[in-house]
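Engineer: Sharing a structure here in structure tokens format.
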Amino acid sequence: MEHKPSILVYDLGGCEGCPLSILRVYPELKEIADLYTHHLGEIDLDKEYDVAVITGPICINEPEDIDILKKIRSRVRTLIAYGSCASVGGITLFCRGGQEPRPEHRTFQPISAIVNVDYAIPGCPPAPNLFIALVNSLRGGRGYFLQLFASVARAKRLSGFDLLDNIVLTGLCISCGACIISCPTNALQMIDRKPDLIVEKCIRCGTCCVRCPRFTQVLIQKYVLKKEVI
Amino acid sequence: MAYPIPIDKPLGEYKSVYLARASDESIRRRRIGSGGAVTALLLYMIENNVVDAVVTARRTKGVTGEIVVARSREELLEAAGTKWSVLPFTLKLKEALSDESIKKVAMVGLPCQAQFLWQMKLFPVLETDFSGKIHFIVSLFCIGTFATEAFLSSLHRLYGINPDQVSGIHIVGDTLVIKYDNNEKKIILSEAIPYMQLGCLVCPDYTGIFSDLSAGISEQFPGFTVLISRSNKSEKYLKDAAEKGYIELLKAPVHIAEEIEIKARAKMIRAQKYMTLVL
């Protein structure tokens, strides 16, 4: 992508942490991309954009949102799930229906449940600078960053539980402590040189998984390379 | 940065390969087998205010160690030596780096730790990340680390060596030399491999492709450190350190890079073999 890309940021709902984190780098961002979002005025969903960035999870009991999501997918070349809810489900996976303030909303899913996602970036919310790194990587076109987040888009779900199942309990953990430093809720603790999960604290944001040197290797091997072999 | 590491480029992307050693005799004497160039380079960084602190590991006893944050010459020299386990970079690191007086640090670690720090710089997922403070990453060559308990218990079971007696472990060619109570025990490396951590057996990275500088030893040049410089930053600091007399720096002959490539490729093949068992 050699020209300045046009980026649509569309928020499906949630705590607004992700759109806010993007807006915070707007002064730098406008130098490298054209940004279109509700927060900066009206947006036109019929226009074509190079990249669409979706924040917030999709409620599968909400046909209107599903239609909008499908429409955006059909109009853009690259669709990115930004933040934990949109990319891996996040804390909204704990919704189980019948709850205030919107009891009719029963099941929230990462947007990859409805449409094909090119890159999924977890983080609750991702730090503002991550968006700059993302735009630069997109303009570069390839590299480790995009490879990793393409595999997250296919994994669909990542959390402290997956970290334990796939890395710690399989014996792949090398006790480096990356996950513990990364956890925003301190849900991981080191016990006998291995991470252990305090389940009540895990918000399923997936940050630990994309930080773990072994999990990232497994993800890329499993989802990106396998496809190339076939 | 490419992943997986291409088989024709097992050392990843790099600028140049050097042979180096510390100019200072007293640093060299502390070392077993290598030239102490990393210690001398870090010393240059601290004394010339390139960084405020160096985060590295120090052996405490036997094969265990702890993380140290070195801010002076003395603290740094204390930590010199080959490390034999991955140490959790966790609470201590967070604590040290939230210290306001530390603005820039150099990190020394194994390839996995270098990867995690590099990832932290590449995508700052959390706002509380201290990735802005990480200025320079040094990765040490690594064939893998042992599952400490399993390895020590096997030493005890097979050879009657008590874990508390072990004073040092290092590799000479294909053998592992274990020093204990003024004795030496030589074990063929392939015998010890099953006692490595599974996470290390699936790791394809020998030199640490996610770093500014990789460092290790070559058997052809004992007494020297092999340095693989990967960034403009590291080229600059190496040359400056050589000019200021901290290190002696030579361009490495081609066969040095070839020797390292053979080892790196062997690790990649091993990783592939074990990864198929896991996936």
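Engineer: Which residue pairs have Cβ atoms under 8 Å apart, sit 6 or more places apart or on different chains, and have a first residue in the stretch A:89-103 that is surrounded by fewer than 18 Cβ atoms within 10 Å (Cβ to Cβ) and a second that is among the small types (Gly, Ala, Ser)?
Structural biologist: Once the first residue is surrounded by fewer than 18 Cβ atoms within 10 Å (Cβ to Cβ) and sits in the stretch A:89-103, its partners that are among the small types (Gly, Ala, Ser) give A:PRO103/A:GLY97.
Engineer: Applying the selection to the stretch A:108-134, what residues are in a helix (DSSP H, G or I) and buried (at least 22 other Cβ atoms within 10 Å of the Cβ)? Even if it seems obvious, please write down each step before you answer.
Structural biologist: Within the stretch A:108-134, the subset in a helix (DSSP H, G or I) is A:111-113, A:128-134.
Correct list: A:ILE111, A:SER112, A:LEU130, A:PHE131, A:LEU134.
Engineer: Considering B:ARG58, B:ARG28, B:ARG73, B:ARG21, which residue is surrounded by fewer than 21 Cβ atoms within 10 Å (Cβ to Cβ), at pLDDT 75 or above and either farther than 30 Å from B:PRO253 by Cα or touching a Phe, Trp or Tyr at 6+ places or on another chain (Cβ under 9 Å) (or both)?
Structural biologist: Numbers: B:ARG58 fails: at pLDDT 75 or above; B:ARG28 fails: either farther than 30 Å from B:PRO253 by Cα or touching a Phe, Trp or Tyr at 6+ places or on another chain (Cβ under 9 Å) (or both); B:ARG21 fails: surrounded by fewer than 21 Cβ atoms within 10 Å (Cβ to Cβ).
Result of the check over B:ARG58, B:ARG28, B:ARG73, B:ARG21: B:ARG73.
Engineer: I'm checking my understanding of the structure. Among residues of the stretch A:137-194 that are farther than 29 Å from A:VAL117 by Cα, more than 8 Å from every other protein chain (Cβ to nearest Cβ) and of a type in the set (D, E, K, R), which one is farthest from the chain's Cα centre (by Cα)?
Structural biologist: A:ASP192
Engineer: Just give me the residues in the stretch A:35-58 being among the polar types (S, T, N, Q) and more than 14 Å from A:ILE80 (Cα to Cα), in sequence order.
Structural biologist: Applying the first criterion (among the polar types (S, T, N, Q)) to the stretch A:35-58 yields A:37, A:55.
Correct list: A:THR37 only.
Engineer: Enumerate the helices (runs of 4 or more DSSP H) found wholly within the stretch B:145-224, keeping only those where 3 or more residues are surrounded by 15 or more Cβ atoms within 10 Å (Cβ to Cβ).
Structural biologist: Numbers: elements: B:148-159, B:189-192, B:198-201.
Answer list for the stretch B:145-224: B:148-159, B:198-201.
Engineer: Does A:THR216 satisfy being facing another protein chain (nearest Cβ under 9 Å), closer than 26 Å to B:THR148 by Cβ and within 19 Å of the chain's Cα centre (by Cα)? Lay out the reasoning, then the answer.
Structural biologist: Numbers: facing another protein chain (nearest Cβ under 9 Å): yes; closer than 26 Å to B:THR148 by Cβ: yes; within 19 Å of the chain's Cα centre (by Cα): yes.
Yes; evaluated as a whole, the condition is true for this residue.
Engineer: Inside the stretch A:46-64, can you point out the residues that are more than 19 Å from A:ALA120 (Cα to Cα) and either among the charged types (D, E, K, R) or in a strand (DSSP E or B) (or both)?
Structural biologist: A:ASP46, A:LYS47, A:GLU48, A:GLU62, A:GLU64 - these are the residues of the stretch A:46-64 that are more than 19 Å from A:ALA120 (Cα to Cα) and either among the charged types (D, E, K, R) or in a strand (DSSP E or B) (or both).
Engineer: From the list B:LYS186, B:LYS236, B:LYS179, B:LYS273, pick out the single residue that is assigned by TED's automatic domain parsing to the domain that holds B:LEU140 and out of contact with any helix residue (DSSP H, G or I) (no Cβ under 6 Å at 6 or more places or on another chain).
Structural biologist: Of B:LYS186, B:LYS236, B:LYS179, B:LYS273, the one residue that is assigned by TED's automatic domain parsing to the domain that holds B:LEU140 and out of contact with any helix residue (DSSP H, G or I) (no Cβ under 6 Å at 6 or more places or on another chain) is B:LYS236.
Engineer: Would you please name the residue that is surrounded by the fewest Cβ atoms within 10 Å (Cβ to Cβ), looking only at residues in the stretch B:112-136 that are within 9 Å of chain A (Cβ to nearest Cβ), of a type in the set (A, V, I, L, M) and not in a helix (DSSP H, G or I)?
Structural biologist: B:LEU126
Engineer: Shifting gears a bit: Whether any residue in the stretch A:171-192 is at negative phi and of a type in the set (Asp, Glu) is what I want to check.
Structural biologist: Within the stretch A:171-192, the subset at negative phi is A:172-174, A:176, A:178-185, A:187-191.
Retained after the next criterion (residues that are of a type in the set (Asp, Glu)): none.
The answer is no, given that none of the residues of the stretch A:171-192 is at negative phi and of a type in the set (Asp, Glu).
Engineer: Another question, then. Check B:ASP8 against each of (1) of a type in the set (D, E, K, R); (2) in contact (Cβ under 8 Å) with a residue 60 or more places away in the chain; (3) assigned to a loop (DSSP other than H, G, I, E, B) and name the one condition it does not meet.
Structural biologist: Looking at each condition in turn, B:ASP8 falls short on (2).
Engineer: Restricting the search to the stretch A:16-45, which residues are outside any helix (DSSP H, G or I) and in contact (Cβ under 8 Å) with a residue 12 or more places away in the chain?
Structural biologist: Filtering the stretch A:16-45 for residues outside any helix (DSSP H, G or I) gives A:16, A:24-25, A:33-37, A:41-45.
Result: A:ARG24, A:VAL25, A:ALA33, A:ASP34, A:LEU35, A:TYR36, A:THR37, A:ILE43, A:LEU45.
Engineer: Restricting attention to helices (runs of 4 or more DSSP H) lying wholly within the stretch A:179-230, give those where 3 or more residues are surrounded by 19 or more Cβ atoms within 10 Å (Cβ to Cβ). Talk me through it step by step, then tell me what you get.
Structural biologist: Numbers: elements: A:207-211, A:213-219, A:226-229.
Correct list: A:207-211, A:213-219.
Engineer: Of the conditions (1) within 14 Å of chain A (Cβ to nearest Cβ); (2) over 22 Å from B:SER34 (Cβ atoms), B:ILE209 fails just one. Which one is it?
Structural biologist: Tallying (1) within 14 Å of chain A (Cβ to nearest Cβ); (2) over 22 Å from B:SER34 (Cβ atoms), B:ILE209 fails exactly one: (2).
Engineer: Do you know which of the residues in the stretch A:65-79 that are β-branched (Val, Ile, Thr) and not in a loop (DSSP other than H, G, I, E, B) is farthest from A:LEU138 (Cα to Cα)?
Structural biologist: So the residue we want is A:ILE66.
Engineer: Sticking with this structure for a sec: Restricting to the stretch B:145-168, name every residue that is touching a residue at least 60 places away in the same chain (Cβ under 8 Å) and either within 14 Å of chain A (Cβ to nearest Cβ) or among the hydrophobic types (A, V, I, L, M, F, W, C) (or both).
Structural biologist: Passing the criteria: B:THR145, B:PHE146, B:THR148, B:PHE151, B:LEU152, B:VAL166.
Engineer: Does the stretch A:128-158 hold any residues that are of a type in the set (Lys, Arg) and out of contact with any helix residue (DSSP H, G or I) (no Cβ under 6 Å at 6 or more places or on another chain), and which are they? Spell out how you get there, then give the answer.
Structural biologist: The initial filter retains those residues of the stretch A:128-158 that are of a type in the set (Lys, Arg), namely A:139, A:142, A:154, A:156-157.
Hits for the stretch A:128-158 are A:ARG139, A:ARG142.
The values are calculated or read from the model by the stated rules, or taken from the named source; none is laboratory data. What you see is a predicted model; the values in this text were computed from it and never measured. FYI the Cβ positions are ideal-geometry reconstructions off the backbone, even for glycines, and counts take in every protein chain you see.
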